[in-house]
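In what follows, a structure is listed as structure tokens, so that the remarks can point back to it.
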Amino acid sequence: MAATTICSWNDFDPLQHVIVGRADHTCIPPSEPATEAKVPKDSDMHGLWGPRPLETVERANAELDNLANTLEQRGIRVDRPTPIQWNQAVITPDFHTTAMFGCMPPRDVLLTVGREILCAPMSFRCRYFEYLAYHPLMQRYFDEDPLFRWEQAPRPRLTDASYQSGYFDEITIEERLRRTAALDFVTTEHEPLFDAADILRLGQDLFCQHGLTTNRRGMQWLQRHFPDHRVHSVNFPGDPYPIHIDATFVPLRPGLIINNPQRRLPDEQRKIFAGNDWQIVNAAPPAHQQPPPLCYSSVWLSMNVLIIDHKTVCAEASEVYQLEQLDRLGFEVIPVPFRHAYPFGGGLHCATADVLRRGGCDDFFPNQIPGTRIN
Ligand code: DAV
């Protein structure tokens, strides 16, 4: 058996071992306080819930398998989760919901920081038991790597106290934007909440998007849990649906980040990047006007890339402008068809979770500039 090591400190050092999700049994969850957040008003998903049509699951799985093969052909070890039947009710002492979600996007729940993989305390009730799909892998890593730290953030209770009631009633896009800028989100500060995909790992610094799925208490918990790291809060006022940082603010290699031009990082929060010689450039526009049918995410999955190393990157095959920009920035670009997988939980970055990248815990921000730190 291959020796197993769990270690990853960022999204761009040479990738050696990764988890790629699976679409099996994925459901559109019924409405609940936090998910209304994610479904745009004019979405074709309104009023629909239950198992996704089988032919869409098969097409998504074909693309996920192709991604896994592409990575394996480059010598990267790929593991897959074990889907459970997501079309089951979840009942806890605090809430119940009639279906779960899926395990296509491992990035949302698994946060790899160095030798640790931490299961996130997610705010969607339908995602409460999603970590179970990764349990067989975690158990195996625990047995194979004596230094692997298998961790779980405090399980949230997700009572009604964790959500502002009526937050989405009659809400317009303008009002959404106003609330994003004012840091007024559907999740309250009742208990620590975060999705792993809201956390951008850059060596000793963790940049967390404060938004619909991650609250300030979640960041405080992360700071105490990782006392040797510096945890920062960032937010992107142009985003009416601020969920996950990986279609908004994406580092490509040391010193270079692409930022969604519609979700610009505010000047005050850019200082720490400028003050440490990091360049932030606008991401290329998406090639599509609309996301595919029954998709939660925006067209900006165009910038949700999976980086193989400082010179090589996987991007979605039809995203011609993004492919071209990456080429211009000096990357070898591997086009990967993925639009059939998008509706199952996102793009190439969402659909993966790091197990091993070669490299250490660098200090990319020796000049700490006040304004973003959590204490
Ligand atoms: O732009 O819809 C998608 C991120 C999914 N992890 C967006 C964000």
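None of the figures in this text is laboratory data; all of them are computed from the coordinates on show. Since this is a predicted model, take the numbers as computed values, not measurements. Ideal geometry is used to build each Cβ from the backbone, glycine not excepted, and the neighbour counts take in all protein chains shown.
Here are a few things to note about the model shown:
- In summary, the convex hull built on the alpha carbon positions of the stretch 88-196 has an orientation-averaged projected area of 8.6 nm².
- For the stretch 214-275, average projected area of the Cα convex hull in nm²: 4.9 nm²
- Of Val20, Leu329, Val90, farthest towards positive along the dipole that unit charges on Lys, Arg, Asp, Glu beta carbons give the chain: Leu329
- Using the alpha carbons alone, the radius of gyration of the stretch 263-375 stands to its Kirkwood radius in an Rg to Rh ratio of 1.01.
- Cα-only Debye scattering, the stretch 234-307: base-10 log of I(q)/I(0) at q = 0.11, 0.18, 0.20, 0.22 Å⁻¹: -0.28, -0.71, -0.86, -1.02
- Loop-located chymotrypsin sites (Phe, Trp or Tyr not before Pro) in the stretch 107-138, at most 16 other Cβ atoms within 10 Å (DSSP): Phe129
- Of the beta bridges in the chain, as assigned by DSSP with both residues counted there, near 55 percent are antiparallel.
- Cα convex hull of the chain - mean projected area over all directions, nm²: 16.8 nm²
- 3J(HN,Hα) along the stretch 197-212, derived from phi through the Karplus expression 6.51 cos²θ - 1.76 cosθ + 1.60 where θ = phi - 60°, amounts to 6, 8, 9, 9, 9, 10, x, 6, 10, 10, 9, 10, 7, 7, x, 5 Hz, with x in place of Gly and Pro.
- Applied to the stretch 338-350, the Karplus parametrisation 6.51 cos²θ - 1.76 cosθ + 1.60 on θ = phi - 60° returns per-residue 3J(HN,Hα) values of 8, 5, 6, 7, 3, x, 8, x, x, x, 5, 6, 4 Hz, with x for Gly and Pro.
- A simple charge model with +1 on the Cβ of Lys and Arg, -1 on the Cβ of Asp and Glu and nothing else charged puts the dipole of the chain at about 420 debye relative to its Cα centre.
- Neighbour counting of Cβ atoms within 10 Å sorts the residues Lys271, Lys311, fewest neighbours leading, into Lys311, Lys271.
- Placing unit charges on each Cβ (+1 for Lys and Arg, -1 for Asp and Glu) gives the stretch 59-190 a dipole about its Cα centre, and among Phe124, Thr112, Leu183 the Cα reaching farthest toward its positive end belongs to Thr112.
- Neighbour-count ranking [beta-carbon atoms within 10 angstrom, fewest first] of Ser298, Ser318: Ser318, Ser298
- Residues whose amide H lies under 5 Å from that of Cys7, counting only those 5 or more places away or on a different chain, are Leu356, Arg357; hydrogens are built 1.01 Å from N in the peptide plane.
- Charge dipole (the chain, unit charges on Cβ, about Cα centre) - positive-most of Gly75, Val320, Thr4: Thr4
- What the phi angles of the stretch 316-322 give under the Karplus curve with 6.51, -1.76 and 1.60, with θ = phi - 60°, is a coupling list of 5, 4, 8, 7, 4, 6, 5 Hz, glycine and proline written as x.
- Structural descriptor for the chain: relative contact order 23 percent, calculated from alpha carbon pairs under 8 angstrom and at least 6 residues apart.
- Counting every alpha-carbon pair across the stretch 114-157, the share separated by more than 13 Å comes to 57%.
- Computed over the stretch 87-149, the ratio Rg/Rh where both radii use C-alpha atoms and Rh is Kirkwood: 1.03
- Unit Cα scatterers, Debye sum, the stretch 46-131: log10 I(q)/I(0) for q = 0.25 Å⁻¹: -1.34
- Relative to the Cα centre, the charge distribution of the stretch 268-375, modelled as +1 at Lys and Arg Cβ and -1 at Asp and Glu Cβ, gives a dipole magnitude of about 180 debye.
- Under 5 Å between amide hydrogens, built in the peptide plane, is the criterion, and for Cys208 it picks out Leu200, His232, Ser233, Val234 among residues at least 5 positions away or on other chains.
- Compactness of the stretch 145-266 as Cα Rg over 2.2 N^0.38 Å, two decimals: 1.13
- 5 angstrom amide H check on Arg77, placed H, neighbours 5+ away: His17, Val18
- The mean of 1/r over all distinct Cα pairs in the stretch 168-239, once inverted, gives the Kirkwood hydrodynamic radius of 12.8 Å.
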